[in-house]
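Below is one structure; the comments refer to it alone.
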Amino acid sequence: MALKVGYVPYLHAEPFYFDMERRGLELVEKLPSALAEAAENGEIDAGPLPLVDGFRLQDRFEPVSGFGLASVQKTGSVFLYASQPVEALQEARIGVMDGASTSLWLLKVLLQLKYQVQPSAYVTLQEPHDAFLAVGNRGLRQRRGARGFPQQYDLGEAWYQWTGLPFVFSRWFVRRDADARDKALLEDTLYVALEDGVNAMYQLSSPREELLMLPREVMLYIQGFRYFLRMTEQRAIEQFQHYLKQLEEVR
Ligand SMILES: C=C(O[C@@H]1C=C(C(=O)O)C=C[C@H]1O)C(=O)O
């Protein structure tokens with residue numbers, strides 16, 4: 001049986017899927033925030049799970065080598081837009097775009113521990129809000145700003161300025177009891193992704209109209225990510241876990 005793989009419909013995730021359908025893997029579209037549940041209830045066997053969700057699924061899912069997604073110095077698509085400077089967001093209501101999971105925890109860590117402000121609530125975008133978190137392709141489309149919210153912060157950049165580290169958003173996981181040959185196939189398609197998937201994004205000849213991006217902008221955006229997690233990214237994960245623990249303690 002072909003593995004069912006969670007497909008995140010974001011531009012920066014496209015390299016991962018470059019070789020998958022051709023090799024017989026079945027893609028199931030999911031926002032990052034829906035991947036963990038889909039993994040738990042058997043809708044998918046593998047996928048780039050948000051870092052925070054990966055922590056709690058480790059008994060049934062194992063990492064696929066070092067594959068994952070990290071921003072190096074900034075994301076270009078994970079933004080907080082605010083009506084006032086971030087230091088003034090004490091008691092503010094923060095809207096959160098569908099899809100956010102680890103990025104929401106990154107926002108909480110930054111607000112409470114870096115900027116020392118405690119918002120009053122995290123709400124949906126349909127409810128009134130003083131600031132909001134944008135991710136994925138909607139974040140990309142709004143990269144030049146959001147009307148009514150003059151302050152804009154790239155969360156990957158805020159994290160990098162604070163820690164000097166990249167930020168890890170997701171890691172590839174596969175069901176521990178999946179067939180060994182299926183696991184090997186998945187891993188191999190991800191190695192192809194690292195080379196050919198990323199290269200394909202560097203060699204686009206036409207603009208991505210829906211995202212208002214020229215080929216060169218796509219290239220620069222993709223260059224801002226790492227698709228394989230090494231020592232520095234591992235240290236970044238540990239640093240983030242340390243802050244998540246601190247967040248629990250101050251609550
Ligand atoms: C870098 C981004 O991060 C995405 C957001 C994630 C999350 O919030 O859990 C997980 C993986 C990424 O696909 C983005 O949205 O641009």
Restricting segment 134-152 to residues that are assigned to a strand (DSSP E or B) and open to solvent by 50 Å² or more (accessible area, probe 1.4 Å), the residue that is nearest to the ligand (Cβ to nearest atom): Q152
Pairs where the first residue, in segment 11-22, is in the same structural domain as A46 (by TED's automatic domain parsing) and the second is part of a loop (DSSP other than H, G, I, E, B), C-beta under 7 Å, 6+ apart: H12/S77
Residue tally, condition assigned to a strand (DSSP E or B) and of a type in the set (D, E), over segment 58-101: 1
Failed condition for F55, given (1) over 30 Å from A146 (Cα atoms); (2) assigned to a loop (DSSP other than H, G, I, E, B); (3) not small (G, A, S): (2)
Where a residue in segment 135-152 is in contact (Cβ under 8 Å) with a residue 60 or more places away in the chain and its partner, wherever it lies, is away from the ligand (no atom under 16 Å from the Cβ) and part of a strand (DSSP E or B), with Cβ under 6 Å and at least six apart: F149/A82; Q151/A82
Among the residues listed as A131, A88, the single one being over 30 Å from M231 (Cα atoms), surrounded by 16 or more Cβ atoms within 10 Å (Cβ to Cβ) and away from the ligand (no atom under 12 Å from the Cβ): A131
Pick from segment 221-249, criterion open to solvent by 90 Å² or more (accessible area, probe 1.4 Å) and in contact (Cβ under 8 Å) with a residue 24 or more places away in the chain, ranking: nearest to G197 (Cα to Cα): R226
Matching residues, segment 184-193, being of a type in the set (A, V, I, L, M) and open to solvent by 50 Å² or more (accessible area, probe 1.4 Å): A184
Test for L104: is it within 16 Å of the ligand (Cβ to nearest atom) and in a strand (DSSP E or B): no
Single condition I44 does not satisfy, out of (1) part of a loop (DSSP other than H, G, I, E, B); (2) surrounded by fewer than 23 Cβ atoms within 10 Å (Cβ to Cβ): (2)
Residue satisfying condition, being modelled with pLDDT under 95 and either crowded, with 22+ Cβ neighbours inside 10 Å or within 16 Å of the ligand (Cβ to nearest atom) (or both), within set F16, F61, F55: F55
Residues satisfying the stated conditions in segment 200-251, i.e. within 16 Å of the ligand (Cβ to nearest atom), over 16 Å from the mean Cα position of the chain (by Cα) and of a type in the set (V, I, T): V218
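The values are calculated or read from the model by the stated rules, or taken from the named source; none is laboratory data. Quick caveat, the model's predicted, so the values are computed rather than measured. Positions of Cβ are backbone-derived with ideal geometry, glycine not excepted, and every protein chain shown enters the neighbour counts. Areas reflect the complete protein model, heavy atoms only, side chains present, ligands, DNA and RNA absent. Shrake-Rupley method; radii C 1.70, N 1.55, O 1.52, S 1.80 Å.
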